[in-house]
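The values are calculated or read from the model by the stated rules, or taken from the named source; none is laboratory data. Remember, predicted model here, so these are calculated numbers, not experimental data. FYI the Cβ positions are ideal-geometry reconstructions off the backbone, even for glycines, and counts take in every protein chain you see.
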Amino acid sequence: MGMVEGKVGLVTGAGMGIGREIACLMAEEGAKVVVADFNTEAGEATVQRIREAGGEAVFVHGDVSDEAQVQATIQKALDSFGRLDIACNSAALSRGSGPIHLYERSVFDQTLEMCLTNTWLCMKYEIPAMLASGGGAIVNISSNASLRGQAFNTAYAAAKAGVNTLTQSAATEYGHQGIRINAVSPGVIRTPGVEKYFKEQPDMAKQLEKQSLMNRLGEPREIAEAVVFLLSDRASFITGQILSVDGGGSVKK
Ligand SMILES: NC(=O)c1ccc[n+]([C@@H]2O[C@H](COP(=O)([O-])OP(=O)(O)OC[C@H]3O[C@@H](n4cnc5c(N)ncnc54)[C@H](O)[C@@H]3O)[C@@H](O)[C@H]2O)c1
């Protein structure tokens, strides 16, 4: 029996990278999966991969930083599978980097919307659906940038620190109603979102490998393993936690 057998799950940003692996592993472990993304081609490709492997999935197009689209996404999940048990909020987009004194206010605001506000909006609509299903579990995807700050990436780091506090606060609000809420904080993971920087700066991957105790980047599947565990009943007494999955990068001196 799969770890999330019979559950209905939602993954935002499931079109590629970490979100895609989470959606695929959820399906492998027995869940019916709602694949949410604003990139239709990528989202449909994830659904196809799940179906080819014998799983069940539907694609929902939507921008999760827009409240009406989040509401419509959750409604589509309920219309498709009748309930919502587990969700991973992985979608995020950083809108640029640079020193604060040269950073545009509009870019700061957009980064917060795409990394923090979106996570809050998703929980706002996932939680009532889970309450109606008798409980559930949520994992928000944070980042190690949130743990010690990150120079020239201040908006993203602050947004992800917000995701951590949001996770702990929400866990406190809903624990007694049967909803567990945790965050996974990845180190540097080889995804399309990161590899685009490697094309611009070929030495960057080598430098980033040194951030982990294992001298390598992480793979999306390694994040998915932690997320699906936290969403499963095997993690039944774990809530309000921020779990770094980073090859030990967060403890490296
Ligand atoms: N890759 C890393 O090294 C790393 C490290 C730490 C944290 N993270 C976090 O992991 C998560 C996934 O990162 P990734 O590297 O796989 O990203 P990615 O850019 O490879 O993929 C992100 C996916 O999310 C979708 N998306 C983004 N914003 C969206 C929105 N508002 N609505 C709907 N879909 C949206 C994109 O279309 C894309 O399919 C993010 O929260 C990111 O901040 C990644």
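Tabulated values for the structure
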{"quantity": "Some residue of segment 85-102 being of a type in the set (Ser, Thr, Tyr), modelled with pLDDT of 95 or more and either more than 22 Å from Ser232 (Cα to Cα) or more than 15 Å from the ligand (Cβ to nearest atom) (or both)", "calculated": "no"}
{"quantity": "Residue that is surrounded by the fewest Cβ atoms within 10 Å (Cβ to Cβ), among those in segment 37-71 that are out of contact with any Gly (no Cβ under 6 Å at 6 or more places or on another chain), among the small types (Gly, Ala, Ser) and in contact (Cβ under 8 Å) with a residue 12 or more places away in the chain", "calculated": "Ala53"}
{"quantity": "Those residues of segment 23-57 which are more than 9 Å from the ligand (Cβ to nearest atom) and assigned to a strand (DSSP E or B), in sequence order", "calculated": "Lys32, Val33, Val34, Val35, Glu56, Ala57"}
{"quantity": "Residue within segment 162-170 that is over 27 Å from Gly240 (Cβ atoms), surrounded by 14 or more Cβ atoms within 10 Å (Cβ to Cβ), at pLDDT 95 or above and within 16 Å of the chain's Cα centre (by Cα) present", "calculated": "no"}
{"quantity": "Subset tally (residues that are surrounded by 19 or more Cβ atoms within 10 Å (Cβ to Cβ), among the small types (Gly, Ala, Ser) and not in a strand (DSSP E or B)) for segment 77-107", "calculated": "5"}
{"quantity": "Search result, residues across segment 71-128 that are among the β-branched types (Val, Ile, Thr) and closer than 24 Å to Phe152 by Cα", "calculated": "Ile100, Val107, Thr111, Thr117, Thr119"}
{"quantity": "Helices (runs of 4 or more DSSP H) contained in segment 111-230 and holding at least 1 residues more than 14 Å from the ligand (Cβ to nearest atom)", "calculated": "118-132, 154-174, 192-200, 204-209"}
{"quantity": "Qualifying residue in segment 188-201 (condition: of a type outside the set (Val, Ile, Thr) and at pLDDT 95 or above)", "calculated": "yes"}
{"quantity": "Pick from segment 108-132, criterion among the polar types (S, T, N, Q) and in contact with a strand residue (DSSP E or B) (Cβ under 8 Å, 6 or more places away or on another chain), ranking: surrounded by the fewest Cβ atoms within 10 Å (Cβ to Cβ)", "calculated": "Asn118"}
{"quantity": "Selection count where residues are touching a residue at least 60 places away in the same chain (Cβ under 8 Å) and within 13 Å of the ligand (Cβ to nearest atom), scope segment 4-22", "calculated": "12"}
{"quantity": "Residue count for segment 87-103, restricted to those that are in contact with a strand residue (DSSP E or B) (Cβ under 9 Å, 6 or more places away or on another chain) and over 25 Å from Gly9 (Cα atoms)", "calculated": "0"}
{"quantity": "Conditions (1) under 22 Å from Leu112 (Cβ atoms); (2) modelled with pLDDT of 95 or more; (3) among the hydroxyl-bearing types (Ser, Thr, Tyr); (4) surrounded by fewer than 18 Cβ atoms within 10 Å (Cβ to Cβ): number failed by Thr12", "calculated": "(4)"}
